[in-house]
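I have placed the structure first, in the form of structure tokens, so that the comments after it can refer back to it.
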Amino acid sequence: MTSPSQVSSPRRRALIGAFAISPLRGSEPGIGWNICSRLAQYHDVTVLASPGVGGEDHESEIKDHLTKNPIPGFDVRFIPLPFLSRLLQRPHVSLAAPLYYTGYAAWQRAAFAEARRLHAAQPFDLTHQLTITGFREPGYLWRLPVPFVWGPLAGASDIPWSYFSTLSVRDRLFYGLKNTVNAFHKHTKFRSRRAARIARHIFV
């Protein structure tokens, strides 16, 4: 008789959107790498990733690492940055900062085109929007006809207005604008609201 501990769960096919992912870096790229590579111990994981973020060459870092340390069931597909992404997601260009998510959404559309192609060839069991996280940009993987997971996501929290008396004038302007934009986006980001309604689980 087989004990419960000897019964292994079936490996499922997971498609993960991880714009930022690298085995050599922290923050968002590190979150992407650690979650995806560890999930590959239990499931077949395909990752849709950017070749690099902010001038960093994540593609070379990943390929070099996997050549030396292969991970069975772990496949990273690099989606080239569309023109809008290259134009608006440039590092250290403050004038482009308000349009960052316009460039990010352009990459997400390119990633979804590849996701649809891969799903048609061999369907996935689950999709997961992972990095870069934020309630403003859910990507498009939720549109595939399989369970969708979103997160960990952040960006929706505000600085309480009662704290503003302790801030400098510059910080009052910055966080006042952030609070106002957050309130506006929470009511107008309709794609985010649709993705949230469809998601089987949201990590925050």
Once the Cα atoms of the range 7-49 are picked out, what are the Rg and Dmax in Å?
11.1, 36
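Using only alpha carbon pairs under 8 Å that are at least six residues apart, calculate the relative contact order of the chain and give it in whole percent. If you can, show how the numbers build up before the last one.
Details: 307 pairs, mean separation 39.4, N = 204.
So the answer I get is 19 percent.
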Test of understanding: extend the Cα→C-beta vector of Val204 to 7 Å, then name every residue of the range 149-178 with backbone N under 20 Å from that spot.
149-162, 178
Could you tell me how many degrees, from 0 to 90 and to the nearest 10, lie between the Cα long axis of helix 58-68 and the main elongation axis, the longest principal axis, of the Cα atoms of the chain?
30
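Assuming R0 = 22 Å, can you tell me the calculated FRET efficiency for the pair Ile71 and Arg143, based on Cβ-Cβ distance, to the nearest 0.05? Could the numbers behind the result be given before it?
Details: r = 28 Å, r/R0 = 1.27.
Efficiency at R0 = 22 Å is approximately 0.20.
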Placing +1 on the Cβ of each Lys and Arg and -1 on the Cβ of each Asp and Glu in the chain, which of Val53, Gly151, Ser37 has its Cα farthest towards the positive end of the resulting dipole?
Gly151
Note, the range 181-191: 3J(HN,Hα) by Karplus (6.51, -1.76, 1.60, θ = phi - 60°), whole Hz, Gly/Pro = x, goes 5, 4, 4, 5, 5, 4, 9, 10, 7, 5, 5
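Based on the alpha-carbon set only, what is the convex hull volume of the range 94-197 divided per residue, in Å³? Walk me through the numbers before you get to the answer.
Numbers: hull volume 11.2 nm³, N = 104.
Hull volume over Cα atoms, normalised by residue count, gives 108 Å³.
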Efficiency of FRET from Cβ geometry, Ala183 and Arg12, R₀ 25 Å, rounded to 0.05
0.05
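When the accessible area of the chain is split by element with a 1.4 Å probe, what percent falls to carbon and sulfur? Don't skip to the answer; put the middle values down first.
Numbers: 6990 of 11860 Å².
C and S fraction of accessible area: 59 percent.
Considering every Cα-Cα pair within the range 34-83, what fraction, in whole percent, is farther apart than 12 Å?
66
Based on alpha-carbon positions alone, could you give the equivalent ellipsoid semi-axes of the chain from the gyration tensor, as √(5λ), descending, whole Å? Numbers along the way, then the final one.
Working: eigenvalues 210, 84, 61 Å².
Equivalent ellipsoid semi-axes, largest first: 32, 21, 17 Å.
Based solely on its DSSP helices, what 222 nm [θ] is calculated for the chain when runs of n ≥ 4 H residues each add -39,500 (n - 2.57) and the sum is averaged over all residues, nearest 500 deg cm²/dmol?
Values: 6 runs with 81 residues, N = 204.
Rounded to the nearest 500, it is -12500 deg cm²/dmol.
Which of rounded, prolate, oblate describes the range 108-151, given a ≥ b ≥ c as roots of the alpha-carbon gyration tensor eigenvalues and a/c under 1.5 marking rounded, otherwise prolate only if a/b is larger than b/c? Provide the component values of the computation, followed by the final result.
Working: a/c = 2.57, a/b = 1.55, b/c = 1.65.
Note, shape of the range 108-151 comes out oblate.
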Given a 1.4 Å probe, the accessible area of the range 138-179 per residue, as a whole number of Å², is 61
Among all the lysines, which ones have a C-alpha under 29 Å from Lys189's C-alpha, if same-chain residues fewer than 8 places away are not counted?
Lys178
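The values are calculated or read from the model by the stated rules, or taken from the named source; none is laboratory data. As the structure is a prediction and not an experimental result, all values here were calculated from the model. When we count neighbours, we look across all protein chains shown, and the Cβ atoms used for this are built from the backbone with ideal geometry, even at glycine. Ligands, DNA and RNA are stripped out before the accessible areas are found, and what is left, the full protein with its side chains, is counted by its heavy atoms. Shrake-Rupley method; radii C 1.70, N 1.55, O 1.52, S 1.80 Å.
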